Amino acid sequence: MNILKTINAIINNEQLSKEARQEIAKSNEINKRANIVSIGQIQTRMVSAYGNAEKQVNQPMTQQRPKNLIEELGIKYLTELSANFTYPILDGTESKWIVENEDIEESDTELKSISLKPKRLGTYIDYSRDLVLNPSTNVSEAIQEDLINSIFEKVQNTMLNDIYDADNAQDITNYDDIVNLEYDASTKNINNGLYIVSPNAARTLKKMKNGDTPIYNNGMINGFRVIETASLQDNAIIYGDFTKLLLAQWGTLDITIDNVTKANKGIIRLIANSYWNWGIIDNNAFVFAKTA
């Protein structure tokens, strides 16, 4: 769906055309067959000169795969949620061997879970009126991509630094420390492990050697993949299985089109509200470290 057509329709007090609605349905069907993850719907509203929402239009947003690291790390991603929820923390005790016709006995210990409720993320981007009212499809795609990228960048940055446990982070000063870190991970039975490291940590690791061999070389440490990201701060290192990290997104992407507040500067402001939260669903899924 061309977001600029919607903006123009709202500004000019027009209804979405039959063709636009058909375009929405066609786009949804194509993305459904392609197994593309939806981030919900756009709910657009117009800001009037009196400061209230004058008109509102609901439409599906062109569906997008999660951007940046969310898909690359394999994070468990739930969308279009409508209420608070709990999710079980798994530790392997959920499964038991039983004989034929025997009931599965409940665990003596209470199963743990995480409770998640939505946190609001506010995003705004200013565009010149001349650009936004441009009918170009490429401009529309660029604006939509700006919104999605800005949202996911902030989500992943906050999420990764939130799960990082600085109090239990091991100091990495040489190859022996790497070996000990990976040993701790193996005792937790971490599968499909990989490293994510901050730029500062990456710089230090690239200077470390095991004898004459660099510890960190060609994007690998001891055969494990390494992802460098500015989303992780300071000297942080996380090693683990990121499929055990749950990201939840509620409801719709709510966009307010404000062509009033900065009209004297020829600017249209797009204000987006979205709702997110996250949590670790396996307490043995990660080990944490830091470089000096």
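Give the residue, chosen from Gly240, Gly266, Gly251, that is surrounded by fewer than 20 Cβ atoms within 10 Å (Cβ to Cβ) and over 27 Å from Arg120 (Cα atoms). Of the residues listed, the single one that is surrounded by fewer than 20 Cβ atoms within 10 Å (Cβ to Cβ) and over 27 Å from Arg120 (Cα atoms) is Gly266. Of the residues making up segment 132-183, those that are under 18 Å from Ala202 (Cα atoms), part of a helix (DSSP H, G or I) and either in contact with a Pro (Cβ under 6 Å, 6 or more places away or on another chain) or of a type in the set (Val, Ile, Thr) (or both) are Ile178, Val179.
To keep it simple, each residue is scored yes or no on (1) part of a strand (DSSP E or B); (2) within 22 Å of the chain's Cα centre (by Cα); (3) surrounded by fewer than 20 Cβ atoms within 10 Å (Cβ to Cβ).
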| site | (1), (2), (3) |
| --- | --- |
| Ile227 | yes, yes, yes |
| Leu247 | yes, yes, no |
| Asn283 | no, yes, yes |
| Ala289 | yes, no, no |
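Can you name the residue in segment 66-94 that is acidic (Asp, Glu) and at pLDDT below 85 and, of all such residues, is surrounded by the fewest Cβ atoms within 10 Å (Cβ to Cβ)? The qualifying residue surrounded by the fewest Cβ atoms within 10 Å (Cβ to Cβ) is Glu94.
With respect to the conditions (1) in contact with a helix residue (DSSP H, G or I) (Cβ under 8 Å, 6 or more places away or on another chain); (2) crowded, with 16+ Cβ neighbours inside 10 Å; (3) outside any strand (DSSP E or B), Thr123 lacks only one, and its number is (3). The conditions of being in a strand (DSSP E or B), more than 19 Å from the chain's Cα centre (by Cα), modelled with pLDDT of 90 or more and farther than 19 Å from Thr187 by Cβ are not met by Arg269.
Determine whether segment 130-140 contains at least one residue that is modelled with pLDDT of 80 or more, loosely packed, with under 12 Cβ neighbours inside 10 Å and out of contact with any His (no Cβ under 8 Å at 6 or more places or on another chain). Looking through segment 130-140, at least one residue is modelled with pLDDT of 80 or more, loosely packed, with under 12 Cβ neighbours inside 10 Å and out of contact with any His (no Cβ under 8 Å at 6 or more places or on another chain).
For segment 197-220, filtering for residues that are hydrophobic (A, V, I, L, M, F, W, C), modelled with pLDDT under 95 and in a strand (DSSP E or B) leaves 1.
Residue count for segment 187-213 satisfying the condition of being closer than 21 Å to Leu73 by Cβ and either of a type outside the set (Val, Ile, Thr) or without any contact (Cβ under 8 Å) to a residue 40 or more places away in the chain (or both): 13. Figure legend. Inter-residue proximity from segment 81-102: first residues more than 20 Å from Phe286 (Cα to Cα), second residues of a type in the set (Lys, Arg), beta-carbon distance below 6 Å, spacing 6+ or different chains. Indicated pairs: Asn84/Lys117.
The values are calculated or read from the model by the stated rules, or taken from the named source; none is laboratory data. If you're wondering where the values come from, they're calculated on a predicted model, not measured in any experiment. All Cβ positions, glycine included, derive from the backbone under ideal geometry; neighbour counts span all protein chains shown.
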